[in-house]
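Here the structure is laid out as structure tokens; the discussion comes afterwards.
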Amino acid sequence: MSETNTRLLVVDDEPIVGKRLKQVFGKIGFEIETYTDSSAALAAMAAKSFDIVITDLKMEGIDGIEVLKRVRVMNPETRVIIITGYASADTAELAEQQGVFAFLAKPFRLDELKQVIQRAIEAPRVKE
Amino acid sequence: MSLRDLLKGFSALSWLTPKVCRPLPLVFFQFREVLKANNQALELIADMGEKLSGDYLFDLRYVESTVEEMIAAMLRAITAINTLTQYRCVALNEIFAPMEARVRAILNKRDDRDGPPLLWLSEVETRHWPLVGGKAAHLSELLHNPKVRVPEGFVITTRLFHDLLDLNGIRPEFDRFEQMLSDHLPDEERLDELRCLLRENVLRAEPPPGFLDMLAEYLQRLAAGGEAPLFLAVRSSAQEEDMDFSFAGQFHSELQVPPQAEAVYFAYRQVAASLFGAKAILYRRQVFPEGGTMSIAACCQRMIPAQASGIIYSVDPMEPGSQRIVVVGALGQGQAVVEGQVPTDFFRISKTEPQRIVERVIAAKHEALLPTGGVDGGLALEAVPNGQVEAPCLDEQTLLELAGVAIHLETFFKRPQDIEWTVDPQGVLYILQSRPLLITESTREKPLLSEKLEGYELISSDAGRVAQQGIGAGPAYRVETLADLKNFPEGAVLISHRDSSQFVQVMQRAAAIITEVGTPASHMATLCRELRVPCLVGVPDILARIVPGEEITVDAEDRRIYRGRVVELLTYQATTTMDLHMAPEFRMLRRILREVSRLNLVDPLMQEFRAEGCKTFHDVLRFIHETAVLELVELGRDDRCLPGGLARRLDLPIQAGILAIDIGGGIAPDAPPDQIPFSAITSIPFRAILQGMLFPGAWHQETMPVSFKYMMHSMMTTPQDTLSGQYTGHNIAIISETYVNLCFRFGYHFNIVDAFCHDVERDNHIYFRFLGGATDIAKRSRRATLIATILEAFDFSVRTRGDLVIARTGNLIQSEMERTLDILGRLIGFTRQLDVQMTDDQAVARYAEAFLMGDYGVVNDNR
């Protein structure tokens with residue numbers, strides 16, 4: 001995995017998620033920023049681009065689908081992974097339509113997320 | 001009259017009570033139902049346990065819904081075992097009810113309210129942890145550790161704290177305060193008003209009726225158990241203190257408290273009120289920004305008259321990677337050290353063997369904190385006599401002893417430790433507290449970790465599964481048989497082919513565990529999580545790549561094993577893993593698992609293995625499983641319950657005289673109705689046993705010469721075992737595709753093998769029982785010892801009593817099960833008539849050796 005210099009942004013209103021992912025992906029060399037507030041996360045994304053965005057689905061204010069929509073507009077190259085404890089077929093379909101890269105149901109193994117991220121890194125980029 | 005008839009007549013005497021026989025397939029079906037319900041519960045426990053390994057992301061919702069499912073599965077398992085045993089396990093309902101209530105109390109965050117107001121430290125169990133708080137919980141663990149001396153004492157539990165709130169009418173303010181702490185942006189002014197009000201009210205709180213008398217009794221007992229004069233140290237023990245967060249210096253302690261109930265209660269109120277101290281609340285809001293309830297207990301321990309006291313860090317906080325220990329100390333009581341009141345001596349000790357002092361800076365110690373000497377207690381700074389001012393506070397021998405304790409405690413708690421120690425005038429070392437050492441490293445260095453690791457040789461990467469996350473390093477120690485555990489060195493990495501719950505014996509001394517087979521759902525994995533031993537299971541062929549004794553580093557986060565000691569990883573561990581366990585999800589799950597997953601009933605052959613011995617959900621499930629197995633073992637024992645018409649003879653090359661009763665899938669459908677050949681046996685476990693019996697040379701056809709005297713002897717002196725009189729009848733095998741219950745009645749001895757074997761290793765078991773013989777008790781006992789010796793070599797848990805051998809094993813993958821059953825088949829043949837040859841004690845070792853070497857012919861050679 002070409003971890004070095006891969007920029008990762010995590011937004012989840014549960015602090016544990018960001019803390020955990022920072023620990024796990026920081027250890028293997030990712031550049032990672034974490035947010036518990038989705039508007040702060042979007043502000044960070046407006047300031048610089050990220051390769052991968054991991055977002056929770058249900059959040060106060062701007063939810064995961066909305067984060068996805070805005071990321072797609074801001075930077076179509078950014079891969080978006082949605083993680084949620086409330087996965088339903090409808091939301092999954094909606095996310096698909098909006099161009100989500102992957103949909104992961106909590107609880108999941110960190111290895112699974114690592115693999116999804118690995119795929120996201122290796123997946124061919126859309127040439128605009 | 002034939003001998004057989006004679007025996008039959010003899011045995012009939014023991015059959016005075018008639019027994020209702022149930023159809024075998026029904027019993028077996030009920031057995032499977034027990035397994036099914038048991039498995040559902042176990043899988044949920046294992047699933048929750050795995051979440052705690054740190055390898056997952058989960059939320060509170062997951063915890064709540066899983067607990068509900070688990071309780072439902074437990075109730076189904078209890079119902080199923082009662083159906084199977086015809087309601088002989090109804091007591092389980094009563095035993096399980098309080099366990100369920102405790103788990104629900106944890107979910108509702110009320111688990112610190114029920115229980116006694118006072119508890120001896122030595123009587124604290126894990127289920128009491130929420131009641132006694134973190135510091136006392138740690139101390140109680142240390143109290144049971146033979147390598148550490150802890151001053152005796154008792155705990156005023158959080159139960160009393162809640163009683164004070166209720167009895168003194170403070171509850172409404174307390175609830176409001178807790179609510180405000182979890183608000184996003186509380187009214188700070190109102191919050192502070194409430195805080196002060198609560199503090200004042202607790203300081204004035206009246207004790208519940210009778211409490212002071214009870215306290216006086218505890219103090220009397222404490223005084224009676226040691227040297228006079230007794231004074232106490234009353235220290236805070238808040239729920240989260242020392243567990244995940246140090247709360248160092250946040251709460252109040254009262255030292256040199258006189259042993260009167262009023263004085264101790266007064267000190268306790270000071271401690272309890274400090275929960276509402278301004279700085280404690282500030283700290284709490286920093287570490288738990290999301291809020292959460294908190295209560296406080298107090299640990300009351302005998303004061304040690306201190307010659308010197310201080311702190312020892314098992315890792316140098318200034319240089320976490322340096323393999324050095326740091327000690328600071330001063331004369332007198334340690335309070336002066338932790339509060340920085342006096343200058344301290346400073347020592348660095350190398351951690352590697354042999355430990356030695358590498359640096360010492362001796363301070364001029366003009367003052368020491370000492371008892372005032374009055375009956376009212378209290379401590380004061382006093383002048384140190386001139387001769388002692390410049391001398392080190394500890395001699396070299398005590399320093400090295402202290403270093404040994406620090407290394408031990410670091411391995412014991414699996415994290416660098418911050419330990420408070422004191423030495424009495426006789427030079428006896430006491431540990432007053434041990435908590436995780438928090439080290440902060442400059443975060444700028446962290447991104448470089450992956451680059452630094454590239455310099456180390458990888459023995460294995462991305463192989464196996466994480467049973468418990470963590471990082472550990474030490475010399476590799478290979479465990480092949482359970483006997484190897486006896487010499488397990490402190491701080492070593494346990495490497496083994498397969499996992500075993502018996503490893504629990506050394507877990508607190510192990511830096512990490514690696515096994516070649518095994519799953520994160522095994523009993524061992526559960527124990528690893530409970531004791532936080534970094535553990536990788538299912539790493540193929542790892543034994544061949546590690547030389548026993550060589551230093552290795554296990555990264556059970558990224559599934560890597562390195563040759564050598566990877567200092568950077570260990571430093572990383574010391575500086576970063578703390579926050580993993582701080583989330584409320586982790587704390588709640590850990591508390592629930594403490595009630596649920598710990599296994600106290602490890603060995604079914606021990607006396608505690610009774611329904612009343614069950615303390616956790618896991619114990620109940622284990623008990624249910626073993627009870628179900630025993631119910632099956634009984635199946636074949638009562639000849640009269642066997643359906644005659646269904647028994648089919650086997651056609652084997654050996655004269656074993658076995659009849660098989662197939663209750664489903666044990667014999668191929670196209671097999672002949674009688675004289676079944678080996679090739680038509682489709683029962684996995686039965687086929688494996690037969691394979692062993694048929695192994696060339698294992699089955700001895702010739703009859704051993706037995707004298708008539710011996711024969712009569714064996715008939716007239718049947719052992720005190722319920723099997724008496726059942727030596728007759730056929731050799732019966734009740735089989736299904738996944739099950740065998742094989743009863744040999746070889747005339748003089750009785751032998752049962754009961755085994756369940758399929759691809760879910762957790763379900764698999766082997767029960768082996770052997771009794772009797774045609775010779776005198778000395779020879780029969782020698783044969784029993786021989787069988788026990790051989791079975792122990794194959795990792796069975798074995799109990800012998802005279803000529804009775806009971807052995808069990810299980811939780812093995814199918815191929816291991818088949819291999820073990822094959823060995824049992826050989827053993828049955830090998831030892832069948834061997835008691836005749838057991839003329840002296842040396843014969844035991846000789847024949848055991850021969851069997852283990854595969855020399856089955858030795859039986860004929862010695863004839």
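All of the numbers you see were taken from the coordinates with simple rules; none came from a lab. What you are looking at is a predicted structure, and each value in this text was computed from that prediction instead of being measured. Here the Cβ is made from the backbone with ideal geometry for all residues, glycine too, and neighbour counts use every protein chain on show.
Sorted by mean Cβ packing within 10 Å, highest first, what order do the peptides B:371-379, B:212-220 take?
B:212-220, B:371-379
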Subject >> Rounded to 5, the percent of DSSP beta bridges in the protein assembly as shown classed as antiparallel >> reply: 75
**OP:** Could you point to the residue in B:224, B:120, B:260 farthest towards the positive end of segment B:118-302's charge dipole, with +1 and -1 charges on the Cβ of Lys/Arg and Asp/Glu respectively?
**Re:** B:224
Subject >> Pairs beyond 28 Å (Cα-Cα), from A:22/B:51; A:114/B:615; A:22/A:58; A:27/A:48; B:109/B:147 >> reply: A:114/B:615; B:109/B:147
**OP:** Give a residue-ordered list of calculated ³J(HN,Hα) values for segment B:782-788 (Karplus: 6.51 cos²θ - 1.76 cosθ + 1.60, θ = phi - 60°; whole Hz; x for Gly, Pro).
**Re:** 5, 5, 4, 4, 4, 4, 4
Original post:
What's log10 of I(q)/I(0) for segment B:308-436 at q = 0.16, 0.19, 0.21, 0.22 Å⁻¹, Debye sum over Cα points only, no solvent?
Top reply: -0.76, -1.04, -1.23, -1.33
Subject >> Cα centre as origin, Lys/Arg/Asp/Glu Cβ charges: chain B dipole, Debye >> reply: 2360
Subject >> log₁₀ of I(q)/I(0) at q = 0.04, 0.07, 0.09 Å⁻¹ - the protein assembly as shown, Debye sum with one point per alpha carbon >> reply: -0.25, -0.74, -1.11
Original post:
By what distance, in whole Å, do the Cα atoms of segment B:144-220 stretch along each of the three principal axes, largest value first?
Top reply: 49, 35, 15
Original post:
How far, in nm, would the chain grow between residue B:675 and residue B:458 when pulled straight, counting 0.36 nm per residue and subtracting the alpha carbon separation?
Top reply: 72.4 nm
Original post:
Using a simple charge model, +1 on the beta-carbon of Lys and Arg, -1 on the beta-carbon of Asp and Glu, nothing else, what dipole does segment A:7-122 show about its Cα centre, in debye to the nearest 20?
Top reply: 380
Subject >> Separation of the residue B:760 and residue A:73 label points, Cα + 7 Å toward Cβ, nm >> reply: 5.1
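In what sequence, highest mean first, do B:621-632, B:174-185, B:323-334 appear when ranked by Cβ atoms within 10 angstrom?
B:323-334, B:621-632, B:174-185
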**OP:** Sort B:72-79, B:510-517, B:429-436 for me by packing, meaning the mean count of neighbouring Cβ atoms within 10 Å per residue, highest on top.
**Re:** B:510-517, B:429-436, B:72-79
Original post:
If you place +1 on the Cβ of every Lys and Arg, -1 on the Cβ of every Asp and Glu, and leave all else neutral, what size is the dipole of the protein assembly as shown about its Cα centre, to the nearest 20 Debye?
Top reply: 2240
**OP:** Before rounding to the nearest 500, sum -39500 (n - 2.57) across all DSSP H runs of length at least 4 in chain B and divide by the residue total; then give [θ] at 222 nm in deg cm²/dmol.
**Re:** -12000 deg cm²/dmol
**OP:** Based on a Kirkwood Rh over C-alpha pairs, give the Stokes-Einstein translational diffusion coefficient of chain A at 10 °C and viscosity 1.306 mPa s in µm²/s.
**Re:** 110
Subject >> Globularity ratio of segment B:430-525, using Cα Rg and 2.2 N^0.38 Å >> reply: 1.31
**OP:** Quickly work out the residue B:551-to-residue B:68 label distance, labels modelled 7 Å from Cα along the C-beta direction, and quote it in nm with one decimal.
**Re:** 5.3
**OP:** Could you calculate the FRET efficiency of residue B:610 with residue B:383 from 1/(1 + (r/R0)^6), where r is the beta carbon distance between them and R0 is 56 Å, rounded to 0.05?
**Re:** 0.35
